[in-house]
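Visitor: What follows is a single structure, and I will ask about it in a moment.
The values are calculated or read from the model by the stated rules, or taken from the named source; none is laboratory data. Computed from a prediction, not measured in an experiment: that's the story for all the values here. All Cβ positions, even for glycine, are placed from backbone atoms using ideal geometry, and neighbour counts span all protein chains on display. Protein only, heavy atoms only, side chains kept; ligands, DNA and RNA dropped before computing areas. Shrake-Rupley method; radii C 1.70, N 1.55, O 1.52, S 1.80 Å.
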Amino acid sequence: MILFSELSRRRIRSVSSLIKVGRTEPVMVLRVDKEKGYIDLSKRRVSEEDIQACEERYNKSKLVHSIMRHVAETLGIDLEELYIKIGWPLYRKYGHAFEAFKIIVTDPDSVLNTLTCEVKKPGPDGQEVTGVVPAVTEEVKDALVKNIRRRMTPQPLKIRADIEMKCFQFDGVLHIKEAMRKAEAAGNDDCPVKIKLVAPPLYVLTTQTLDKEQGIAILNKAITACTEAIEYHKGKLVVKEQPRAVSERDDKLLAEHMAKLRNDNEEVSGDEDSEEEEDTGMGEVDVENAGHGIME
């Protein structure tokens, strides 16, 4: 339950604009009433830094739980038992199981082989003795590693920047092409840079990388190299959109925009006929008689 006074620091004009039923919100627990079963919460007291940290932790935990649940359902074992043997020990050792899962992607043995659990078994004298055995069976290990690698192997990000480039000097097209080559030369094996014409004077620079910050830095370097090259020939470059990570949807919208521009530039069927009609549009004219009429 969130008290009305704990919704926002500002004046509330509409509660629905601040919070909605079913939405996940980072909040602070103020007090717990065990007798009534109430938990009083505050949205107002959560700072931007707290929100970011909370959402990051929540998303990590959600991914870990999704992987653990899938493994438990696939192998037909109890989810809580899987947490007791694997999940919670990894939380205690690594601070968060997500950090352990990241290591498992490349080196599963160093993480999973260290997990053990205690089991009770009858001893030689008939008394129960406690023994330590590996917590993870080969079957569970194979299923867990397979799911973690499928869900957590990093995917390359696409970084894009939009620029406008013009050069009205003699051989301006050649100067623009030279500037484009300079931009592409700023890339490296990890972050190759490509520059593509959308429609004069708009161009897009793109790169793919696992490291977002590195990709943005490389594109900024490419823009600088391109700017220096085109300004040397008295051209001009304007950055319309700074380097940023883009989604597949953004790529699709760009491809559709480029296709539309190509279609607009193509000659429409029937243009030639219309030109011929314009050339012969006056019909047959008696120029000699028409000339006499004008003289009169």
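Visitor: Let me know the shape class of the chain, please: from the alpha-carbon gyration tensor, a ≥ b ≥ c as square roots of the eigenvalues, rounded when a/c is under 1.5, otherwise prolate if a/b is greater than b/c, or oblate. Mind dumping the intermediate values first?
Guide: Values: a/c = 2.97, a/b = 2.26, b/c = 1.32.
It comes out prolate by the Cα gyration axes.
Visitor: Could you order the peptides 185-194, 169-178 from most to least packed, using the average number of other C-beta atoms within 10 Å per residue?
Guide: Order by mean packing, descending: 185-194, 169-178.
Visitor: Among R44, R262, R13, determine the one that fluctuates most according to a GNM of the chain built with springs between C-alpha atoms less than 10 Å apart.
Guide: Sorting by GNM fluctuation, first place goes to R13.
Visitor: Run lengths n ≥ 4 of DSSP H only: what is the helix-derived mean residue ellipticity at 222 nm for the chain, with -39500 (n - 2.57) per run over all residues, to the nearest 500?
Guide: -15000 deg cm²/dmol
Visitor: Using all alpha carbons of region 157-262, what is the percent of pairwise distances in each 5 Å bin, ordered from the shortest bin to the longest?
Guide: Here the calculated profile for region 157-262 is 2, 14, 24, 23, 18, 12, 5, 1, 0.
Visitor: How charged is the neighbourhood of L174? Take every other residue with its Cβ under 15 Å from the Cβ of L174, and add Lys/Arg as +1 and Asp/Glu as -1.
Guide: Result for the neighbourhood of L174: +3.
Visitor: To continue, here is another question. If I build a Gaussian network model for the chain, linking alpha-carbon pairs within less than 10 angstrom, which residue out of K20, K146, K260 has the largest mean-square fluctuation?
Guide: The residue with the greatest mean-square fluctuation here is K20.
Visitor: Return one whole number: the accessible area per residue of the chain in Å², for a 1.4 Å probe.
Guide: Solvent-accessible surface per residue comes out at 71 Å².
Visitor: Placing unit charges on C-beta atoms (Lys and Arg positive, Asp and Glu negative, everything else neutral), compute the dipole magnitude of the chain about its Cα centre in debye, rounded to 20.
Guide: In debye, rounded to 20, the chain gives about 3280.
Visitor: Also, quick follow-up: Please list, in order along region 65-77, the HN-Hα scalar couplings obtained from phi with the Karplus expression 6.51 cos²θ - 1.76 cosθ + 1.60 (θ = phi - 60°), rounded to whole Hz, x for Gly and Pro.
Guide: Per-residue couplings from phi come out as 5, 4, 5, 4, 5, 5, 5, 4, 5, 5, 8, x, 10 Hz.
Visitor: How big is the accessible area of E80 in square angstrom, nearest 10, if you roll a 1.4 angstrom probe over the protein chains?
Guide: For E80, the solvent-accessible surface is approximately 110 Å².
Visitor: Could you give me the ³J(HN,Hα) list for region 236-242, computed from phi with Karplus coefficients 6.51, -1.76, 1.60 and θ = phi - 60°, whole Hz, x at Gly and Pro?
Guide: 9, 10, 10, 7, 8, 9, 5
Visitor: Report the extension gain between V119 and E248 in nm, rounded to one decimal, defined as 0.36 nm multiplied by the number of residues separating them, less their alpha carbon distance.
Guide: Separation in residues times 0.36 nm, less the Cα-Cα distance, equals 41.4 nm.
Visitor: Quick one: which of K43/K93; K34/K60; K62/K141; K62/K194 span more than 26 angstrom between C-alpha atoms? Spell out each step's value before the answer.
Guide: Working: K43/K93 31 Å; K34/K60 29 Å; K62/K141 20 Å; K62/K194 36 Å.
From K43/K93; K34/K60; K62/K141; K62/K194, over 26 Å: K43/K93; K34/K60; K62/K194.
Visitor: With a cut-off of 8 Å between alpha carbons and a minimum separation of six or more residues, what is the relative contact order of the chain in percent?
Guide: Relative contact order of the chain: 12 percent.
Visitor: What is the set of long-range amide H partners of L41 at a cut-off below 5 Å, with H atoms built 1.01 Å from backbone N?
Guide: Placed amide hydrogens put I2, L3, L30 under 5 Å from L41.
Visitor: Net charge around L219, counting only other residues with Cβ within less than 10 Å of its Cβ (Lys, Arg = +1; Asp, Glu = -1)?
Guide: +3
Visitor: Near P89, within a Cβ-to-Cβ distance under 15 Å, what is the net charge of the other residues, with Lys and Arg +1 and Asp and Glu -1?
Guide: Local charge sum for P89: 0.
Visitor: Sticking with this one: For a quick check, take a GNM of the chain with Cα springs below 10 Å and name the residue from E241, E35, E138 with the largest mean-square fluctuation.
Guide: Judging by the Gaussian network model, the answer is E35.
Visitor: Tell me, what HN-Hα J-couplings in whole Hz come from the Karplus equation 6.51 cos²θ - 1.76 cosθ + 1.60 at θ = phi - 60° for each residue of region 127-139, using x for Gly and Pro?
Guide: Using θ = phi - 60°, the values come out as 7, 6, 10, 9, x, 9, 10, x, 6, 10, 6, 4, 5 Hz.
Visitor: Using alpha carbon coordinates only, what is the Rg to Rh ratio of region 1-46, with Rh defined as the Kirkwood radius?
Guide: Ratio of gyration radius to Kirkwood radius: 0.98.
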